[in-house]
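These notes concern the structure reproduced below.
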Amino acid sequence: MSMSEDKVRLIDVTINGTGRSFESGLSITELLSEIGAPKEAIAVALNESIVTRALWPQILLSDGDKVEVVTIYQGG
């Protein structure tokens, strides 16, 4: 096996305006886990389009994607 085959392919993703690198093949669900996002009351937009929660495990992120993660907090 050559050295290039040992290397993990990384993608650059912007999350709420901040650039980060991740291994390729990452789903939205996995991304949320990686960044420690709370599971309650989250909305996700991928490249300015809202993604329904049911599709999060199926959608794999690509290099250059822009993700917005919104958490709703109730005030009092």
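Remarks
- Hits in segment 1-34 (condition: at pLDDT below 95, hydrophobic (A, V, I, L, M, F, W, C) and assigned to a loop (DSSP other than H, G, I, E, B)): Met1, Val8
- Unique match (being within 11 Å of the chain's Cα centre (by Cα) and of a type in the set (A, V, I, L, M)) among Val51, Val44: Val44
- Within segment 28-76, considering residues that are within 18 Å of Ile11 (Cβ to Cβ) and among the hydroxyl-bearing types (Ser, Thr, Tyr), the one surrounded by the most Cβ atoms within 10 Å (Cβ to Cβ): Thr29
The values are calculated or read from the model by the stated rules, or taken from the named source; none is laboratory data. In this text, all values refer to a predicted model and were calculated from it rather than measured experimentally. Methodologically, a virtual Cβ is constructed for each residue, glycine included, from the backbone with ideal geometry; neighbour enumeration extends over all protein chains shown.
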